[in-house]
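Take a look at the structure below.
No value in this document is a laboratory result; all are computed from the given coordinates. Please read all numbers here as calculations on a predicted model, not as lab measurements. Heads up, the Cβs are rebuilt from the backbone with ideal geometry, glycines too, and the neighbour counts pull from every protein chain shown.
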Amino acid sequence: MTFIKNNSTMPEPEVFMHYFSEQEERRLFRTVKETYGLYAKRDYYWMLLMRETAVRLGVLAGPDARKAKEHNLPMLGLTVGDAELSLQEGYLVYDTMNAKNLKKHPIALNKSATGALRHLLKIHKEMSAGIEWDTPRLERPLFLSRNHQAMSRRSFQARFAQWCRVAEVPEGTPHWLRHSWAKRFLERTSSPDALRRVQAVLGHSNLSTTSIYTAPDRESLDSAMREASTCFR
């Protein structure tokens, strides 16, 4: 038998992989929520806030080192003041410099996101008890590490990867929560302008970027393989 090597220059078909299925997502959040301890509680609510607002990690954690150096920025994400003002406004308040390409768009807070912010403020108060702050309260980082400093981007990423392993779900990144938001919305909505809505929520400049969420995913490929099976049912 002769096997023919494909030297075609046509692009490979795109399959969307970087998200959690609904079952995986439920298992991940349940695992974190059912783990005892203040740090687990902190992680649960920042993860919930990311999931419910579909923001990028930079909004919570601040700019990466390259961006901070380029624009002379403090590596600081959401502050206590941002959280309190967000609850008043009903929209997530964050520094424009922490947005991708320095472009900011309105992010409405649903009930879950509002609850997450309230819990995060309580957790911050508990974690900062006894700290002699040089920073005014409203300017303090909302997310604190064990050494009472602002959580770094690397710390957010490491904690998330750890929870994925504990929950026995694919080891993704916090950005997968953003992708999962888009996937769930498109799965559940019947709106004719659904993709445009996802584009607006995610702050994409081009609809072509948003269209990645309509590409075949793991579940659709699994379904296709079952449907094409020659086994008798």
Next on the checklist: Report the gain in length on full extension from Gln23 to Glu187: 0.36 nm times residue separation, minus Cα-Cα distance, nm rounded to one decimal.
Outcome noted: 57.7 nm
Checklist entry - Between Asp217 and residues 5 or more places away or on another chain, which pairs have amide H atoms under 5 Å apart, with H built 1.01 Å from N, and which residues are they? => result Phe16
Item to check | Given charges at beta-carbon only (K, R positive; D, E negative), |dipole| of the chain in Debye | outcome: 180
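So, R0 is 22 Å and r is the distance between the beta-carbons of Arg196 and Thr96; what FRET efficiency does that work out to, to 0.05? Numbers along the way, then the final one.
Details: r = 23 Å, r/R0 = 1.06.
With a Förster radius of 22 Å, E is 0.40.
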Checklist entry - Each residue of region 174-180 in order: what ³J(HN,Hα) in whole Hz does its phi give by Karplus 6.51 cos²θ - 1.76 cosθ + 1.60, θ = phi - 60°, with x for Gly and Pro? => result x, 5, 4, 5, 5, 4, 5
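What does the charge count around Ala182 come to, taking other residues whose C-beta lies under 12 Å from its C-beta (Lys +1, Arg +1, Asp -1, Glu -1)? Don't skip to the answer; put the middle values down first.
Values: positive: Arg51, Arg178, Lys183, Arg184, Arg188, Arg197; negative: Glu187, Asp217.
Residues near Ala182 contribute +4 overall.
Taking R0 as 22 Å, what FRET efficiency do you get between Ser145 and Lys103 from their Cβ-Cβ distance, rounded to the nearest 0.05? Could you put the intermediate results ahead of the total?
Working: r = 29 Å, r/R0 = 1.30.
Here the calculated transfer efficiency is 0.15.
Please state, rounded to one decimal and in Å, the Kirkwood hydrodynamic radius that the chain gives when every pair of distinct Cα atoms enters the mean of 1/r. Numbers along the way, then the final one.
Working: mean 1/r = 0.0509 Å⁻¹.
For the chain, the Kirkwood estimate is 19.6 Å.
Of Lys111/Lys183; Lys100/Lys183; Lys122/Lys183; Lys33/Lys103; Lys125/Lys183, which ones are farther than 28 Å apart at the Cα? Walk me through the numbers before you get to the answer.
Working: Lys111/Lys183 20 Å; Lys100/Lys183 21 Å; Lys122/Lys183 31 Å; Lys33/Lys103 33 Å; Lys125/Lys183 34 Å.
The pairs that break the limit, which is 28 Å between Cα atoms, are Lys122/Lys183; Lys33/Lys103; Lys125/Lys183.
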Item to check | Cα centroid of region 28-64 to Cα centroid of region 162-197, whole Å | outcome: 14
Checklist outcome for this item: Rounded to the nearest Å, the spacing of the alpha-carbon centers of region 78-102 and region 120-150 is 17
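Is region 102-173 rounded, prolate or oblate when judged by the Cα gyration tensor, a ≥ b ≥ c being the square roots of its eigenvalues, rounded requiring a/c under 1.5 and prolate requiring a/b larger than b/c?
Values: a/c = 1.74, a/b = 1.25, b/c = 1.40.
Oblate is the answer for region 102-173, as a/c is 1.5 or above yet b/c matches or exceeds a/b.
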Item to check | Listed residues Ser152, Ser191, Leu120: farthest to the positive end of the dipole of region 105-194 (Cβ charges) | outcome: Ser191
